[in-house]
Amino acid sequence: MTTHPPLPTIRPLLDPAPEYANWQSGEPIRRVAIWGDHTPWLITRYEDARTILADPRFSADANHPAFPHTRPGAPPQAPGLFHQMDPPDHTRLRRMLIPDFTFRRIEQLDGAIQRICDDLLDAMTAGGATEADLVASYALPLPTLAICELLGVPYKDRGFFRAKSSALTSVAGNPAEAMAARMALYGYLRALVERRVGDPADDLVSRLATERVATGEATPEEATGMISLLLLAGHETTANMFSLAVVALLENRAQLDALHADDSLWPSAVEELLRHLTVIHSGIRRIATEDVEVSGVRIGAGEGVIVALQAANRDPSAYPDPDVLDARRDASGHLAFGHGLHQCIGQSLARAELRLGLSTLFRTLPTLRLTASPDSLALSTSTVHGVQTLPVAWR
Ligand code: HEM
């Protein structure tokens with residue numbers, strides 16, 4: 001019996017697991033062992049990753065019995081969770097949200113995001129404070145406040161939905177707890193949708209309630225699922241990306257100095273940080289619905305595939321000197337937000353939060369420094385790479 005290497009699950013703070021660089025020059029596509037007897041194909045090269053993510057013969061249907069889930073007993077597909085669906089359901093549901101996430105629409109939120117950044121920094125430095133945990137004071141509240149405002153979910157309930165989110169996304173989580181967390185979150189959001197049908201406000205939950213649920217285009221369960229997906233996807237990813245970006249810049253002083261000297265570099269620096277850090281590191285999971293040949297390897301119908309975005313984004317054939325963080329690099333085309341039909345719907349929002357959040361932080365606190373060694377930071381236990389706390393000081 002052939003034994004396959006395990007899917008790497010441990011990675012250094014700012015880099016992909018070392019196995020990926022070693023594998024890049026070997027077989028183009030290989031099988032890896034995950035849990036049970038699942039041995040999905042692992043995709044590490046940039047071109048293969050794009051090919052697979054754009055190919056409709058690879059399904060995102062998480063209900064397929066052989067789907068390579070991140071852990072055994074992952075909660076099944078549920079109404080509204082369109083990231084785990086294929087067309088036509090995926091298209092029908094995603095289309096309802098597009099107007100709220102266009103670049104132009106998100107651009108109009110710049111002022112609100114800037115206010116959030118300024119208020120959070122005022123609170124963090126209030127009373128002459130000179131140190132803080134940047135995750136709790138800035139990196140997490142920034143995207144949480146922004147997504148709550150966009151959706152119309154009360155920010156005061158963040159303790160509740162953060163706890164449910166952790167139970168749902170923890171890699172080592174217990175299936176019964178994950179299911180209970182999902183039910184509690186759905187109950188809470190369903191009640192919010194129902195309130196907004198009769199008493200709408202200027203927010204996305206109200207728009208879904210009045211324009212889609214009340215008209216019968218979406219069921220209340222679908223609206224609830226979509227809101228829960230946006231709420232969960234909309235804060236942890238950006239928060240983790242934010243904290244790691246701060247560490248990466250503090251560890252690469254020349255890059256930070258370049259940004260201090262030229263503010264206009266921030267948009268390209270954000271793209272490069274997204275490429276370099278690639279926080280969605282449990283891989284994009286798919287299942288082949290037909291036999292497909294990729295780079296000379298036959299992937300059989302019913303076989304699982306894991307696209308390792310963090311490896312593809314460090315593929316030297318796509319990005320020369322891929323391990324170097326270079327704010328001036330043209331990192332466009334990176335895969336940190338995925339590719340194809342399921343490419344991140346929140347990417348304009350995430351970019352705005354990162355650009356405004358990072359530039360405001362470093363402009364306001366130019367002496368910002370870490371007060372713990374990067375190696376000592378506790379890593380996140382979820383499917384999104386990040387740190388649990390980030391002790392910093394200024395002055
Ligand atoms: C999808 C990454 C922020 C909502 C994705 C995917 C990736 C990703 C890689 C593709 C998943 C797949 O193909 O299966 C990120 C990163 C973020 C971020 C790195 C921050 C730095 C956000 C935000 C929101 C959001 C702020 C919400 C406002 C979604 C949703 C999907 C998605 C709903 C599913 C799209 C679909 O299946 O059509 N994201 N995301 N994400 N993201 Fe994001």
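No lab work stands behind these numbers, since they all come straight from the coordinates. These figures come from a predicted structure and were not determined experimentally. Neighbour counts run over all protein chains shown; Cβ positions are idealised from the backbone, glycine included.
Only Cα pairs under 8 Å and at least 6 apart count here; give the relative contact order of region 1-67 as a rounded whole percent. In percent, rounded to a whole number, it is 24. Working from label points 7 Å from Cα in the Cα-to-Cβ sense, the Ala136 to Thr102 distance is 4.2 nm.
For region 309-387, the list of trypsin sites (Lys or Arg not before Pro) that fall in a loop by DSSP and count at most 13 other C-beta atoms within 10 angstrom reads Arg328. For the chain, the Cβ-based charge dipole about the Cα centre amounts to some 440 debye (Lys, Arg positive; Asp, Glu negative; other atoms uncharged). In this rough spin-label picture, where each label sits 7 Å from Cα along the Cβ direction, the Asn174-Asp15 distance is 3.8 nm.
Where q = 0.20, 0.21 Å⁻¹, what log10 of I(q)/I(0) comes from the Debye formula for region 173-261, counting one point per Cα? Treating every Cα as an identical point scatterer, log10 I(q)/I(0) equals -0.90, -0.96. Label reach from Arg71 (point 7 Å along Cα→C-beta): in region 375-395, amide nitrogens under 18 Å belong to 379-388.
Here, region 104-233 has an Rg and a Dmax of 16.6, 54 Å when only alpha carbons are counted. Which residue fluctuates the most in the chain, going by a Gaussian network model with Cα springs under 10 Å, if the choices are Ala245, Ala112, Ala126? Maximum among the listed residues: Ala126. Sequentially through region 270-278, phi angles give Karplus couplings (6.51, -1.76, 1.60; θ = phi - 60°) of 5, 4, 5, 5, 4, 4, 5, 9, 5 Hz, Gly and Pro residues having no value and appearing as x. Phi angles of region 150-160 translate, via the Karplus equation with coefficients 6.51, -1.76, 1.60 and θ = phi - 60°, into HN-Hα couplings of 4, 6, x, 9, x, 5, 4, 8, 4, x, 5 Hz per residue; Gly and Pro are given as x.
When Phe160, Phe58 are sorted by how many other C-beta atoms sit within 10 angstrom of their C-beta, beginning with the fewest, the order is Phe160, Phe58.
Potential lengthening of the chain between Ser332 and Ala129 amounts to 69.2 nm, from the contour at 0.36 nm per residue minus the alpha-carbon distance. Between Trp35 and Ala54, the contour length at 0.36 nm per residue exceeds the alpha carbon distance by 4.2 nm. The stretch between Ala214 and Gln347 holds 45.0 nm of extra length on full extension. This uses 0.36 nm per residue minus the Cα-Cα distance. Shown for Tyr319, Tyr188: other C-beta atoms within 10 Å of each C-beta, ranked fewest to most, produce the order Tyr188, Tyr319.
Take the Cα of Asp375, go 7 Å toward its beta carbon, and the backbone nitrogen atoms of region 1-34 under 13 Å from that spot belong to 12-13.
Over the C-alpha trace of region 18-393, radius of gyration and Dmax come out as 20.7, 64 angstrom.
Please list log₁₀ I(q)/I(0) at q = 0.10, 0.17, 0.20 Å⁻¹ for region 1-158, using the Debye equation with identical point scatterers on the alpha-carbon positions. Each listed q maps to, in turn, -0.65, -1.19, -1.24. Projecting the Cα atoms of Ala378, Ala191, Phe67 onto the charge dipole of the chain, computed from C-beta unit charges around the Cα centre, puts Ala191 farthest toward the positive end.
When Val197, Val247 are sorted by how many other C-beta atoms sit within 10 angstrom of their C-beta, beginning with the fewest, the order is Val197, Val247.
Mind ordering 300-311, 384-395, 89-100 by average Cβ neighbours within 10 Å, highest first?
300-311, 384-395, 89-100
Using equal-weight Cα scatterers in the Debye expression, the normalised intensity of region 1-63 in log10 at q = 0.19, 0.20, 0.25 Å⁻¹ is -0.90, -0.98, -1.23. In this calculation the C-beta distance from Glu47 to His4 is compared with R0 = 30 Å, giving a FRET efficiency of 0.85. Short-range pairs are left out: with C-alpha atoms under 8 Å and at least six residues apart, the relative contact order of the chain is 26 percent.
Sequence-ordered 3J(HN,Hα) estimates for region 103-111 from the Karplus curve with 6.51, -1.76 and 1.60 and θ = phi - 60° stand at 4, 4, 5, 5, 4, 5, 8, 3, x Hz, glycine and proline given as x. Mean residue ellipticity, 222 nm, helices only, the chain: the sum of -39500 (n - 2.57) across DSSP H runs of n ≥ 4, divided by residue count and rounded to 500, is -13500 deg cm²/dmol. Please name which of Leu53, Ala245, Pro154 has its Cα lying farthest along the dipole of the chain towards the positive end, using unit charges on Cβ (Lys, Arg +1; Asp, Glu -1) and the Cα centre as origin. Ranked along the dipole, the leading option is Pro154. Taking amide H atoms as placed 1.01 Å from N in the peptide plane, the amide H of Ala33 lies under 5 Å from those of Leu7, each 5 or more residues away in sequence or on another chain.
Taking the charge dipole of region 18-393 about its Cα centre, with +1 at Lys and Arg Cβ atoms and -1 at Asp and Glu Cβ atoms, the residue from Gln77, Leu341, Leu230 reaching farthest to the positive side is Gln77.
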